[in-house]
Amino acid sequence: MGIENEHTERSLSLGTSGLEEGLMVRRERWEEIQRLRVEDRLSVSEISRRLGLDRKTVRKWLRQRRWEPYQRPD
């Protein structure tokens, strides 16, 4: 079996639980960014360095006052 076939089969077998897991990881990351800013009082640059994210991404997620999963525009 080729690498492409293995990847496709794994992707298809994830089903809904894979999607839910992906959303949880993103929510956990959002919560971590909020915690680092509020509790640890870290700068956007420091949060970016610690989490390996772009500063623009950190700023965007800090502006988001409550968790909302990404929705593709119509």
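The values are calculated or read from the model by the stated rules, or taken from the named source; none is laboratory data. Since we're looking at a predicted model, the values are computed, not measured. Note: areas computed on protein heavy atoms with side chains; ligands, DNA, RNA excluded. Shrake-Rupley method; radii C 1.70, N 1.55, O 1.52, S 1.80 Å.
From the list Arg66, Arg26, which one is within 11 Å of the chain's Cα centre (by Cα) and modelled with pLDDT under 95?
Just one listed residue meets the conditions, Arg26.
Looking at the stretch 50-59, is at least one residue open to solvent by 80 Å² or more (accessible area, probe 1.4 Å) and part of a loop (DSSP other than H, G, I, E, B)?
yes
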